[in-house]
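Here the structure is laid out as structure tokens; the discussion comes afterwards.
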Amino acid sequence: MSETITVSTLSKWFGPKVAVSEVTIGFGPGITGLLGPNGAGKTTLMRVVAGLQKPSQGSVSVLGIDPRSDPSVYREIALVPEDEAVYERLTGRAFVELAAKLARVDDPIEQAQKTLEIVDLVGSAHRRLGGFSKGMRQRAKVAAALVSDPRVLLLDEPLNGADPVQRAALIELFQRLGEEGKTLIVSSHVLAEVERMAERVVAMVDGRLAAVGSIATIREAMTDKPRKVFAECSDPRALASALIATDGVVGVFVENGTVQIETQDAWGLARSLPRLALERDIALTRVEPVDESLESVFRYLVENR
Amino acid sequence: MVLARHLYLRMMRRGRFLALLALASVPALVYWLAGFDASPGELEVLYSDVLSTAGFSYSIAALILTVATLREERDGGTLPYIYMRPMSRLSIALSSIAAGTAAALTIALGGWLATVLAVVLVGADLTQTLAGLSLYAAAGFGYSAIFVPLGYLVPRSLLVGLGYVIVVESILASVVTGIAQFSIFRIALSIYADLAPVFDMQGAGEVLGPVTPGLGGGLAKLAAVMVVGIATLTWALRRRDAL
């Protein structure tokens, strides 16, 4: 993966409070989900990458340029800030046109129109942003960011306030931009949405990197957390007793006619579970992992700290 | 130009514009009310007092207006829309101070026109009033150069600016010669004193204190203040956190 953003031993503190500590990471084309509980340092990391805040230590480079020293890089970076901040007295169209003019886009009027179409705001573009719903403001902010066709997009909670239809449309838009080769960093506290759109996840806890990679890779690396598998079958007690002696299985619980298995060797269990069921003439009706989701992985990461 | 226009229009929203126009017009109102039945000699003295009042009311109006230029963007979270643009930090500083100056001059023009109206209404000599525009304009330039960077750098900049106007401009500058030389209102008054056909050294001249009347000297000081203001704001945009 060719990196468009490089963060090297970055720390940022405000007086005695350390917001980001010794973070080294690279971001390339595609969507990266930035996760973390409140106060984890996600917004600070985004602001430093955007050049809005100066690193206390370490460095940031976007497309090979330090955004604090060369503003020409802002032709290629755009940020959708977390807060609802917009110019309430401007209309949606005036807001996007202003962004286009400040970004020195060729034909800002035409480009603003195109971008408003992309976020489906043309019908409301004549209205003042002050009268927009939260979801519409988010879309206006996304339009203002996209109007200069940047290669790097930093999206801080871009789905906040959007209704389910708008969320789906925005996720689809972000996925399309990622497929076009743009670098998108999306922070969100709605894990299911990150799971849906991001192929790579960066988890932050207490200002530090807790994990980086695909959700499956991160889960795989958590060797101290046995995998939990839920099985529904015709004879739970018989299956449980057969599983106890299986390599890698560290716990078996029978509850409400189902079996919950904890194992250190998920692949081994995947091979042995059907064989054991077959040998004992037990009909397996449902088998599924319980803690493979991003939510479970994230919970483990936060618990570990 | 786009940025300066945007900042100017944001500052000059209707409610604030009218309130500050009213504040800058207080000296004209005082002059009209007090000078209705006054003799020509009394009117001259009264006009001198009006200049001193303008020093205070217009300073406050210019402070409220110019300090908001970038402070509102920072506090409102909209600064990234301006900051993350492919333009040099010097361009942003120049555009911001230009917008602040234009806004201050708009209010100055309003305050001056109110004074002209008051002079016409009481039937006094207008020639003296014409030079008054230079007083407002020069003060507008100077205050913008100080208060726009202050607004960007200091969170409670309105309070700090108020402290500057009351403590430095009104109190310290009238007792400490060195400070008087760099008091924005006194620099503006020195320009006015040079341009006005008659300048009452007993009345407004007392406010001027040790500052010598002179167009060239006043403009040179204003230029120096402007250069320092632009350099400070450019430095702050480059070196300080924008949020």
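The values are calculated or read from the model by the stated rules, or taken from the named source; none is laboratory data. It should be emphasised that the depicted structure is a prediction, and the values quoted were computed from it without experimental measurement. Reconstructed Cβ throughout: ideal geometry from the backbone, glycine too, with neighbour counts over all protein chains shown.
Under the condition of being touching a residue at least 60 places away in the same chain (Cβ under 8 Å) and out of contact with any helix residue (DSSP H, G or I) (no Cβ under 8 Å at 6 or more places or on another chain), which residue from the range A:45-76 is surrounded by the most Cβ atoms within 10 Å (Cβ to Cβ)?
A:Leu45
Can you tell me which of B:Pro40, B:Pro27 is surrounded by fewer than 17 Cβ atoms within 10 Å (Cβ to Cβ), away from chain A (no Cβ under 14 Å) and not hydrophobic (A, V, I, L, M, F, W, C)? Give the steps one after another, and end with the answer.
On the way: B:Pro27 fails: surrounded by fewer than 17 Cβ atoms within 10 Å (Cβ to Cβ).
Exactly one of B:Pro40, B:Pro27 is surrounded by fewer than 17 Cβ atoms within 10 Å (Cβ to Cβ), away from chain A (no Cβ under 14 Å) and not hydrophobic (A, V, I, L, M, F, W, C), namely B:Pro40.
Could you tell me which residue of the range A:70-102 is farthest from A:Met136 (Cα to Cα), considering only residues that are out of contact with any Lys or Arg (no Cβ under 8 Å at 6 or more places or on another chain) and part of a loop (DSSP other than H, G, I, E, B)?
A:Asp70
Quick one: in the range A:181-206, which of the residues that are outside any strand (DSSP E or B) and among the hydrophobic types (A, V, I, L, M, F, W, C) is surrounded by the most Cβ atoms within 10 Å (Cβ to Cβ)? Let's see the steps before the verdict.
Going residue by residue through the range A:181-206, those that are outside any strand (DSSP E or B) are A:181-182, A:188-199, A:206.
Of the ones still in play, those that are also among the hydrophobic types (A, V, I, L, M, F, W, C) are A:190-192, A:194, A:197-198.
Working: A:Val190: 12, A:Leu191: 19, A:Ala192: 10, A:Val194: 24, A:Met197: 19, A:Ala198: 26.
Here the answer is A:Ala198.
How many residues does the range B:197-218 hold that are surrounded by fewer than 16 Cβ atoms within 10 Å (Cβ to Cβ) and either of a type in the set (Ser, Thr, Tyr) or at pLDDT 85 or above (or both)?
3
Checking B:Ile92 against (1) surrounded by 17 or more Cβ atoms within 10 Å (Cβ to Cβ); (2) over 25 Å from the mean Cα position of the chain (by Cα), which test does it fail?
B:Ile92 satisfies all of (1) surrounded by 17 or more Cβ atoms within 10 Å (Cβ to Cβ); (2) over 25 Å from the mean Cα position of the chain (by Cα) except (2).
Looking at B:Thr232 and the list (1) under 30 Å from B:Thr127 (Cα atoms); (2) surrounded by 18 or more Cβ atoms within 10 Å (Cβ to Cβ); (3) modelled with pLDDT of 85 or more, which single condition is not satisfied?
All conditions are met except number (1).
Going through the range A:91-100 one residue at a time, which ones are surrounded by fewer than 20 Cβ atoms within 10 Å (Cβ to Cβ) and either facing chain B (nearest Cβ under 9 Å) or touching a residue at least 12 places away in the same chain (Cβ under 8 Å) (or both)? If you could, list the steps in order and put the result at the bottom.
Of all residues in the range A:91-100, those surrounded by fewer than 20 Cβ atoms within 10 Å (Cβ to Cβ) come to A:91, A:94.
A:Thr91 - this is the single residue of the range A:91-100 that is surrounded by fewer than 20 Cβ atoms within 10 Å (Cβ to Cβ) and either facing chain B (nearest Cβ under 9 Å) or touching a residue at least 12 places away in the same chain (Cβ under 8 Å) (or both).
Can you tell me how many residues within the range A:38-69 are at the interface with another protein chain (Cβ under 7 Å from one of its Cβ atoms) and not in a loop (DSSP other than H, G, I, E, B)?
So the count comes out to 1.
The rows are residues; the columns are (1) surrounded by 24 or more Cβ atoms within 10 Å (Cβ to Cβ); (2) under 18 Å from B:Ala236 (Cα atoms); (3) within 14 Å of chain A (Cβ to nearest Cβ).
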{"residue": "B:Ala62", "(1), (2), (3)": "yes, no, no"}
{"residue": "B:Thr66", "(1), (2), (3)": "yes, yes, no"}
{"residue": "B:Ser88", "(1), (2), (3)": "no, yes, yes"}
{"residue": "B:Ala98", "(1), (2), (3)": "no, yes, no"}
{"residue": "B:Gly111", "(1), (2), (3)": "yes, no, no"}
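So which residues in the range A:103-124 are more than 14 Å from every other protein chain (Cβ to nearest Cβ), surrounded by fewer than 20 Cβ atoms within 10 Å (Cβ to Cβ) and either part of a helix (DSSP H, G or I) or not acidic (Asp, Glu) (or both), if there are any at all?
A:Glu110, A:Gln113, A:Lys114, A:Glu117, A:Ile118, A:Val122, A:Gly123, A:Ser124
For the range A:251-299, enumerate the residues that are surrounded by fewer than 12 Cβ atoms within 10 Å (Cβ to Cβ) and among the aliphatic types (A, V, I, L, M).
A:Leu278, A:Ala283, listed by residue number.
Give A:Gly257, A:Gly181, A:Gly248, A:Gly213 a once-over and let me know the one that is in contact (Cβ under 8 Å) with a residue 40 or more places away in the chain and at positive phi. Walk me through it before giving the result.
On the way: A:Gly257 fails: in contact (Cβ under 8 Å) with a residue 40 or more places away in the chain; A:Gly248 fails: in contact (Cβ under 8 Å) with a residue 40 or more places away in the chain; A:Gly213 fails: in contact (Cβ under 8 Å) with a residue 40 or more places away in the chain.
Answer to the check: A:Gly181.
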